[in-house]
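Engineer: Quick one: the structure is below, questions incoming.
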Amino acid sequence: MKRQDNGMPTLLQYENVAWYENGVVKILDRRVYPREINFVTCQTYQDVAQAITDMVTQSAGPYTAAGMGMALASFQSQELTDEERIAFLKKASETIANARPTTANRMRIITEKALELAKQTLAEGQDPTEAIFQQTIDSLNRRYFTMNKVAEHLIKKIPNNGTVLTQCYGETIVGMLLRAAKNTGKNLKFYCAETRPYLQGARLTASCCVELGFDTTVVSDNMIAYLMTHEKIDLFTSAADTIALDGHIANKVGTYQIAILANRFGIPYFVTGIPDEDKKDYHDIKIEMRDPQQVLELNGIKHTLAGVKAIYPSFDVTPPELIGAVVTDLGFFSPYDLGSYYEEKPENVFY
């Protein structure tokens, strides 16, 4: 399959997501983009795991970083015996997969696939590094291809000259939706909730939207009710870090409150992504608690007095009654009927 990142904004070009080459992994630092264009260079798989934990990359970016990190782990272990390499890669798989707790199930699919490929390749007397790298590129192609199908479904629900409200940075679906809009000739306006405390909506989503030529406005997270009162919003959409089969979804903290407001104002909320077959209900969703210091400061500037405390739940959970539909590669599914997605026996095209 040819590369699927044609026509994508800077953030979604493969080399800018995460890239293994010559014994290092380079990751575009999304914590400072677009203010600065910096790449974090990882010399070890532990560096890759730490970069994922530290949100150098986020949204779907860690899935690519995980695969590239496993290629780096293979490079690191090339002087070991085959048995020692497999043990080394098994440890790398667990370390990388658990870099962010809420998405550990998805990350483990990627790292364990790399581990199995390494075992197979070593048994054939070959070094697995290049094979794992190519497997990661193949995974990227499948994910982009799949999310393009999602975008093709979603764009049909947005009128020409329509207005879309986004939350956080939905990575691949953001780029694919923008590309689908251009391909269908739809002129859209985007409002991007800034997404405190990391500002992914302001820095990442808004950058993609304006880079591809769309009318783009950033609003702070506490302006949503004002926005819905005074502007016509046709659709609220977000990706999801987890979609449980009972219709609860976990996404960047703040998603739940926007969904409540969308429901109040009669604005449809469409979640994009693939249901997690191994997460049966709300109780299977683990919320990652991050360093509260990140709430007490912005861009390194502290804005509270000493002694002030904070909390930082990275995600919140939106219940199914607030979700109009989950948009997948197979089309629209009711949040109350996500199990039927797997009854259609979809191919494993996401990881």
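Quick grid of which residues meet (1) surrounded by 17 or more Cβ atoms within 10 Å (Cβ to Cβ); (2) modelled with pLDDT of 95 or more:
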| position | (1), (2) |
| --- | --- |
| GLY7 | no, no |
| GLY23 | no, yes |
| PHE39 | no, yes |
| CYS42 | yes, yes |
| ASP47 | yes, yes |
| ALA60 | yes, no |
| ALA71 | yes, yes |
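Engineer: Something else about it: Out of ILE109, ILE132, ILE158, which single residue is open to solvent by 30 Å² or more (accessible area, probe 1.4 Å) and of a type in the set (Val, Ile, Thr)?
Structural biologist: Result of the check over ILE109, ILE132, ILE158: ILE109.
Engineer: Related question: Which number in (1) touching a Ser or Thr at 6+ places or on another chain (Cβ under 7 Å); (2) part of a strand (DSSP E or B) marks the one condition that THR216 misses?
Structural biologist: (1)
Engineer: Of everything in segment 120-129, what is assigned to a helix (DSSP H, G or I) and open to solvent by 80 Å² or more (accessible area, probe 1.4 Å)? Give them in sequence order.
Structural biologist: Within segment 120-129, GLN120, ALA123 meet the criteria.
Engineer: To continue, here is another question. Just to be sure before I move on: is THR242 more than 21 Å from THR10 (Cβ to Cβ) and out of contact with any Pro (no Cβ under 9 Å at 6 or more places or on another chain) in the structure I sent?
Structural biologist: yes
Engineer: Of everything in segment 204-216, what is surrounded by fewer than 24 Cβ atoms within 10 Å (Cβ to Cβ) and in contact with a strand residue (DSSP E or B) (Cβ under 9 Å, 6 or more places away or on another chain)? Give them in sequence order.
Structural biologist: Correct list: SER207, VAL210, PHE214, ASP215, THR216.
Engineer: I would also like to ask the following. Does ALA99 qualify as being at pLDDT below 95 and under 22 Å from the mean Cα position of the chain (by Cα)?
Structural biologist: no
Residue-by-condition table, conditions (1) closer than 14 Å to GLU211 by Cβ; (2) in contact with a Leu (Cβ under 9 Å, 6 or more places away or on another chain); (3) touching a residue at least 60 places away in the same chain (Cβ under 8 Å); (4) not charged (D, E, K, R):
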site	(1), (2), (3), (4)
ASP5	yes, yes, yes, no
THR10	yes, yes, yes, yes
TYR14	no, yes, yes, yes
GLU21	no, no, no, no
ASP29	no, no, no, no
PRO34	yes, yes, yes, yes
ASN38	no, yes, no, yes
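The values are calculated or read from the model by the stated rules, or taken from the named source; none is laboratory data. Fair warning: this is a prediction, and the values are worked out from it, not measured in the lab. Reconstructed Cβ throughout: ideal geometry from the backbone, glycine too, with neighbour counts over all protein chains shown. The area values use the complete protein model at the heavy-atom level, side chains included, leaving out ligands, DNA and RNA. Shrake-Rupley method; radii C 1.70, N 1.55, O 1.52, S 1.80 Å.
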